[in-house]
Amino acid sequence: MNPSMNTLLKWQNGQPIIALDEGGKAVINTLDIVDAFTDILYDTARYKAGALLTTPFELFSVGIGSQIQLANDPATSYYKQFFDTNLQQQRQLPDSESFLVTHIEAKVRVPNAVSTAYSSTSPNVPYPSNLVAGAIASASNQLDAFLSTTQLRLRIGNKDYDQGLLEDFPSNSGIEGFASAATTATTTTIVDGVAQLRGEPRMLAVPHLIRGGRTFGVFLTNGIAFTLLTPIIVGVKLHGVRFRSVQ
């Protein structure tokens, strides 16, 4: 066990006893804990280019192998794979497990080029609208609009807990992607690369316990309805300690 977890747990006969529930109250875990280890719960939201942002979108709503819609196109669906999520069941952990969330991270990726014929009514307007001939924009323009107007909210059971804008939940691996690419007969040159803006995942002042069998989810809500000119992938990671009562 990571020694830094000592402040979150009580110990008895060498075994950890969970000391906080999702409301911050002291409790004793009812599981017969066999092992405990630091882990990550992760899920992914995929946004397509050329479609309006729709809200809200729920992450951790389905497990591996289940079908899910694109975040901004309910008519298009795909099947979750291990690189999309590590959740096995819909909206919950197995009954034999619990997870203590200590940090929340939002990883944003831009997998395609952003058109330089960007959408905005004015070069001075930071938020995109419909395509306007001769408009000025960049990859950072769209990212700024997305990060600063999209809310992330953690829900456990029927209660909402930690929430904030995407920019309030930084990723330790930064934002990834590029603005555009120039291609010739023999080479492809990437230009205007998106800066690797790194940070520390948001540490929760009060960790939250997700008990096995209890529903939970993370909701992404966009405050401004605009059309994306490039796909965006948002990966949400819940860092913490996983407890198991069976090996």
What's the carbon and sulfur percent of region 55-104's accessible surface, probe 1.4 angstrom, rounded to a whole number? 48 percent
Please work out how much length the chain gains when fully extended from PHE82 to LEU52, using 0.36 nm per residue of separation minus the C-alpha to C-alpha distance, in nm with one decimal. 8.1 nm
Of the listed peptides 141-152, 39-50, 80-91, what is their order by residue-averaged count of other C-beta atoms within 10 Å, with the highest listed first? 141-152, 39-50, 80-91
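The values are calculated or read from the model by the stated rules, or taken from the named source; none is laboratory data. On a predicted model such as this, the values are computed, not experimentally measured, just so you know. Heads up, the Cβs are rebuilt from the backbone with ideal geometry, glycines too, and the neighbour counts pull from every protein chain shown. Side chains included, ligands, DNA and RNA excluded: accessible areas come from the protein's heavy atoms. Shrake-Rupley method; radii C 1.70, N 1.55, O 1.52, S 1.80 Å.
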